[in-house]
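S.K.: Below is the structure I would like to discuss, written out as structure tokens.
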Amino acid sequence: MSLLPVEEAYRRLVESASPLACTETLPLLRLARRVLAQDVLARRTQPSFDASAMDGYAVRSADATAPFRALRVVGESAAGCAFTGTVEPGEAVRIFTGAPVPKGADAVLIQEQAQVETDGTVRPTASVDFRQYIRDAGIDFIEGETLLANGTWLTPGAIALIASAGHTSLKVLARPKVAILATGDELVQPGEPVGDWQIVASNSFGVAAMVAEAGGEIIDCGIARDRAPDIDAGLTRAIDEKADIFVTIGGASVGDHDLVGKVFAARGVALDFWKVAMRPGKPLMAGRLDELTIVGLPGNPASSMVAATLFLAPLVRRLAGLPDRPLYRQGLLGAPMPENGMRTDFVRTRLQTGEDGAVRVIPLPRQDSSLLSTYARADALLVRPPSAPPARAGEACRFVVLDEWKGLAEHN
């Protein structure tokens, strides 16, 4: 297969995907960062009564106009403990924020404008308007009102609203299940002895963290040696555990020990593309086996993470029903750049916001695709289009944010 442009690969793999149809019902404490699979209607009216917005005295507004006279305090209304009588002319009820406004009262005299006399009466020191400092019943929402629509991303505020509306559990979209298999004879798990010519498996943990941030559920398939049966066993496990995406890391190139493509072909995987015109990350493959989406990431650390950032994380977000994020953002070059080759180059960079509010994209030194230390320090990827001419500092550029929760997360 010929090299596919980045934007076309993105269109085929990400933009063609749809949210999963599977749902599950979860209690309130497990709804954070999930996506609604139903409309949410209020089961009650909030507040269900006229409530005081301030501490003070519930009064008749006609009794709080000049010339001011002392009012007899006949009771108290607190949150959860209402005054059940009626406020008559010349009377007041001590009231606290959130407490029910008693019958007969049509305003709240705040305590800063109430002078308490030695005999226990209270005298207004300022006029009170009709309905002043009263929260009307239903001011937040009324029973039967649609509060949240199907497809809403559940923020902490949304969950608080759901609880206030009387719900204890709700139906949400299921998380996409993503099975991750690292491949390579050279790999050992973190914490295990590292033999001669071996390295610690790291890519799968970075990719798993990326999947989790994007709303996915991880199925860890471990490490497969460079043997077709081992790789095939990982694919079988993904199918058995009903994964939505099967991700391999490494073995996606064309060397004698790169067996992933051969295993996929033997299993009948329909490849959509293999190799993308990008650097790092060229040996990226994607396809399908029945309902299972296949993503083969390259093995070099930065290549794997860059490819997962551009394609896997947005795919997981799509399946999870989360809103798309723009693939590219706009900024200014923070340093001059040489002309580019025939592939889209993704340069690991730091972001810096100037006093003018513009985002400057500053390339990091040492861009080798094996360097995790450079990737970990990066905020973003500078996008250099194919055959781009030399560029000067200050020129417009595009970049990809690596972590929405780090640095310039306001570029959502």
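S.K.: Output the number of residues of the range 143-162 satisfying the condition of being surrounded by fewer than 15 Cβ atoms within 10 Å (Cβ to Cβ), assigned to a loop (DSSP other than H, G, I, E, B) and among the polar types (S, T, N, Q).
M.R.: 2
S.K.: Another one. Among (1) out of contact with any helix residue (DSSP H, G or I) (no Cβ under 7 Å at 6 or more places or on another chain); (2) exposed (fewer than 14 other Cβ atoms within 10 Å of the Cβ); (3) in the same structural domain as ALA42 (by TED's automatic domain parsing), there is one condition GLY120 misses while meeting the rest; what is its number?
M.R.: All conditions are met except number (3).
S.K.: Could you pull out the residue among ASP220, ASP232 that is part of a strand (DSSP E or B) and among the charged types (D, E, K, R)?
M.R.: Details: ASP232 fails: part of a strand (DSSP E or B).
Exactly one residue qualifies, and that residue is ASP220.
S.K.: Ok, one more. Among the residues of the range 163-190 satisfying the criterion of being assigned to a strand (DSSP E or B) and hydroxyl-bearing (Ser, Thr, Tyr), which is surrounded by the fewest Cβ atoms within 10 Å (Cβ to Cβ)?
M.R.: Ranking the qualifying residues of the range 163-190, first place goes to SER169.
S.K.: Sticking with this one: Looking at the range 307-352, which of its residues are in contact with a Ser or Thr (Cβ under 9 Å, 6 or more places away or on another chain) and among the β-branched types (Val, Ile, Thr)?
M.R.: Those that are in contact with a Ser or Thr (Cβ under 9 Å, 6 or more places away or on another chain) and among the β-branched types (Val, Ile, Thr): none in the range 307-352.
S.K.: Return yes or no: is ALA105 out of contact with any Asp or Glu (no Cβ under 7 Å at 6 or more places or on another chain), modelled with pLDDT under 95 and either not in a loop (DSSP other than H, G, I, E, B) or not basic (Lys, Arg) (or both)?
M.R.: Considered against the rule, which asks whether it is out of contact with any Asp or Glu (no Cβ under 7 Å at 6 or more places or on another chain), modelled with pLDDT under 95 and either not in a loop (DSSP other than H, G, I, E, B) or not basic (Lys, Arg) (or both), ALA105 comes out as no.
S.K.: Working only within the range 320-342, note down all residues that are charged (D, E, K, R) and either modelled with pLDDT under 95 or not in a loop (DSSP other than H, G, I, E, B) (or both).
M.R.: Those that are charged (D, E, K, R) and either modelled with pLDDT under 95 or not in a loop (DSSP other than H, G, I, E, B) (or both): ASP324, ARG325, ARG329.
S.K.: Check off (1) crowded, with 22+ Cβ neighbours inside 10 Å; (2) among the aliphatic types (A, V, I, L, M); (3) modelled with pLDDT under 95 for ILE95 and give me the number that stays unchecked.
M.R.: (3)
S.K.: Related question: Does any residue in the range 206-221 that is charged (D, E, K, R) come within less than 6 Å, Cβ to Cβ, of a residue that is in a strand (DSSP E or B) and crowded, with 16+ Cβ neighbours inside 10 Å six or more places away or on a different chain, and which pairs are these?
M.R.: The qualifying pairs are GLU217/LYS177.
S.K.: What residue, of PHE346, PHE399, PHE311, is assigned by TED's automatic domain parsing to the domain that holds GLU15 and aromatic (Phe, Trp, Tyr)? Give the derivation first.
M.R.: Numbers: PHE346 fails: assigned by TED's automatic domain parsing to the domain that holds GLU15; PHE399 fails: assigned by TED's automatic domain parsing to the domain that holds GLU15.
On inspection, the qualifying residue turns out to be PHE311.
S.K.: So which residues in the range 337-383 are within 18 Å of LEU284 (Cβ to Cβ) and in contact with an Asp or Glu (Cβ under 8 Å, 6 or more places away or on another chain), if there are any at all?
M.R.: Matches in the range 337-383: VAL383 only.
S.K.: For the range 346-368, indicate whether the set of residues that are assigned to a helix (DSSP H, G or I), among the hydroxyl-bearing types (Ser, Thr, Tyr), in contact with a Pro (Cβ under 6 Å, 6 or more places away or on another chain) and more than 30 Å from CYS22 (Cα to Cα) is non-empty. Walk me through how you get there before you give the answer.
M.R.: Let us first name the residues in the range 346-368 that are assigned to a helix (DSSP H, G or I), namely none.
No, that holds for no residue.
S.K.: So, of the residues in the range 14-34 that are in contact with a strand residue (DSSP E or B) (Cβ under 7 Å, 6 or more places away or on another chain) and of a type in the set (S, T, N, Q), which turns out to be farthest from GLY287 (Cα to Cα)?
M.R.: THR25
S.K.: Also, I was wondering about something else. Do you know which residues across the range 14-62 are of a type in the set (Lys, Arg) and within 27 Å of THR121 (Cβ to Cβ)?
M.R.: Scanning the range 14-62 gives a single hit, ARG60.
S.K.: Still on this structure, I have one more. Criterion first (among the hydrophobic types (A, V, I, L, M, F, W, C), surrounded by 18 or more Cβ atoms within 10 Å (Cβ to Cβ) and touching a helix residue (DSSP H, G or I) at 6+ places or on another chain (Cβ under 8 Å)) does VAL347 satisfy it?
M.R.: For VAL347, the condition - among the hydrophobic types (A, V, I, L, M, F, W, C), surrounded by 18 or more Cβ atoms within 10 Å (Cβ to Cβ) and touching a helix residue (DSSP H, G or I) at 6+ places or on another chain (Cβ under 8 Å) - is not met.
S.K.: Something else now. Looking at the range 384-394, can you tell me whether even one residue there is crowded, with 21+ Cβ neighbours inside 10 Å and either touching a Ser or Thr at 6+ places or on another chain (Cβ under 7 Å) or closer than 23 Å to ASN300 by Cβ (or both)?
M.R.: At the first step, the residues of the range 384-394 found to be crowded, with 21+ Cβ neighbours inside 10 Å are 384.
Within this subset, residues satisfying the condition of being either touching a Ser or Thr at 6+ places or on another chain (Cβ under 7 Å) or closer than 23 Å to ASN300 by Cβ (or both) are 384.
The answer is yes, given that some residue of the range 384-394 is crowded, with 21+ Cβ neighbours inside 10 Å and either touching a Ser or Thr at 6+ places or on another chain (Cβ under 7 Å) or closer than 23 Å to ASN300 by Cβ (or both).
S.K.: Can you say whether ILE180 is assigned by TED's automatic domain parsing to the domain that holds ALA208 and under 27 Å from CYS22 (Cα atoms), as far as the supplied structure shows?
M.R.: Working: assigned by TED's automatic domain parsing to the domain that holds ALA208: yes; under 27 Å from CYS22 (Cα atoms): yes.
For ILE180, the condition - assigned by TED's automatic domain parsing to the domain that holds ALA208 and under 27 Å from CYS22 (Cα atoms) - is met.
The values are calculated or read from the model by the stated rules, or taken from the named source; none is laboratory data. Predicted model only: the values in this text are computed from it and were never measured. Here the Cβ is made from the backbone with ideal geometry for all residues, glycine too, and neighbour counts use every protein chain on show.
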